[in-house]
Amino acid sequence: MTENDMSAASPDDAAALLRRSKTPLDHIQHALHKYPVISPAMVLLLSGLVFTYLGDGRFQQPSTIGIMLQQTAVLATLAIGQTLIILTAGIDLSVGTAMLLTHLVMAKTAVDWGIPGFAAFMLGALLGMALGLFHGGLITKIGLPPFIATLGTFYIFSSLGLVYSNAQTISKEAIGEDSFLLWTGKGISIGDMRITTGVLVALALYVVFAYILSNTSWGLHVYATGDDKEAARLAGINTTRVLISVYVVAGLLYAVGGWVQLGRSLSASSNAAADINLETITAVVIGGTSLFGGRGRLWGTLVGALIVTVFRVGLSLAGVNVFYQNFAIGALILVAVALDT
């Protein structure tokens, strides 16, 4: 049908043409765009089945599942902050070092100053927000690209953590086993599977922030700023304020992630979670959030974090060399970004 024929066609003919042009692939693509969590959920299911087969019966054991959930709790908490930043078309390369600095400050102030665990946690939370405010200032006031700003602070925060802790590990005996700082390590056992409080904290944060992003004006402004910053500004949104608030909230989440890490490892160390900076980006990208900003859902990030953990644990149980584990994670990132593009 030519362009002239289409212009002369009746509305019924045009509607029929549109219906005929819809292929099964078009319907699948539409569903994946409408519900982006479907793709990572399918990857998670498929990878779980594969590692169940390769893991010689160990992968699907309740105790292994409990360990994976505990590992995911830290990554997933940090990935919420990374998701917020990537939704604004930014990126944060200092996630892990910011988390380490806050959790070292929590532990060391509790031990050296003898202050209660909750007060130490609040001090760490304020520090995390201050780090986020520093990022926001570098990006909105000075005009540094997020990649450059957070690359610089990656080294700064790492150095500060090493200097402050003297590169020493602070044990649970020094912190106090009943301290609030280690509360996220407590939990319940369901058979052989242990669910810690840190897992529940991470899940609660996803419920809260998924609601905020979908049902509040701040959440809508975050999406609008990432989709088109100039258009959002012309629509009356204070994009500078939105960006600063996003980095401050992300800093607070990094501190909470440090608290969850304290409960998981029952100690504070500058060497903890060495690969978590890039793993948060991996979780966000695999979860369907666009690196170009303005599109993505938080639940996809949670599934992405689970995928990263499943790959790490599954490949390890299958006896795959750690170098090939990183190769698999890297390939997974490339495939996820290629599909998004």
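Before we move on, is Val246 aliphatic (A, V, I, L, M) and within 24 Å of Ile80 (Cβ to Cβ)?
Working: aliphatic (A, V, I, L, M): yes; within 24 Å of Ile80 (Cβ to Cβ): yes.
Answer is yes for this residue.
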Any idea which of (1) at pLDDT below 85; (2) of a type in the set (Gly, Ala, Ser); (3) open to solvent by 30 Å² or more (accessible area, probe 1.4 Å) is the one Ser265 doesn't satisfy? (1)
Near pairs, Cβ below 8 angstrom, 6+ apart or cross-chain, from the range 153-167 (closer than 24 Å to Tyr247 by Cβ) to any residue that is of a type in the set (D, E, K, R) and open to solvent by 60 Å² or more (accessible area, probe 1.4 Å): none
Name, by its number, the condition in (1) surrounded by 24 or more Cβ atoms within 10 Å (Cβ to Cβ); (2) closer than 24 Å to Leu302 by Cα; (3) not β-branched (Val, Ile, Thr) that does not hold for Pro62. (1)
Matching residues, the range 236-255, being in contact with a helix residue (DSSP H, G or I) (Cβ under 7 Å, 6 or more places away or on another chain), open to solvent by 20 Å² or more (accessible area, probe 1.4 Å) and not hydroxyl-bearing (Ser, Thr, Tyr): Ile237, Ile244, Val248, Val249, Leu252
In the range 69-114, how many residues are farther than 17 Å from Ile156 by Cα and of a type outside the set (A, V, I, L, M, F, W, C)? 13
All-but-one check, Ile237 against (1) touching a residue at least 24 places away in the same chain (Cβ under 8 Å); (2) on the phi < 0 side of the Ramachandran plot, failing number (1)
If only one of Leu100, Leu45 is buried (at least 20 other Cβ atoms within 10 Å of the Cβ) and within 20 Å of the chain's Cα centre (by Cα), which one is it? Leu100
Show me the helices (runs of 4 or more DSSP H) found entirely inside the range 122-221 where at least 2 residues are open to solvent by 80 Å² or more (accessible area, probe 1.4 Å) and in contact with a strand residue (DSSP E or B) (Cβ under 7 Å, 6 or more places away or on another chain). none
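The values are calculated or read from the model by the stated rules, or taken from the named source; none is laboratory data. The shown structure was predicted, so the numbers you read here are calculated from the model rather than taken from an experiment. As a convention, Cβ positions derive from the backbone with ideal geometry for all residues, glycine included, and neighbour counts pool all protein chains shown. All accessible areas refer to the heavy atoms of the entire protein, side chains included, with ligands and DNA or RNA removed. Shrake-Rupley method; radii C 1.70, N 1.55, O 1.52, S 1.80 Å.
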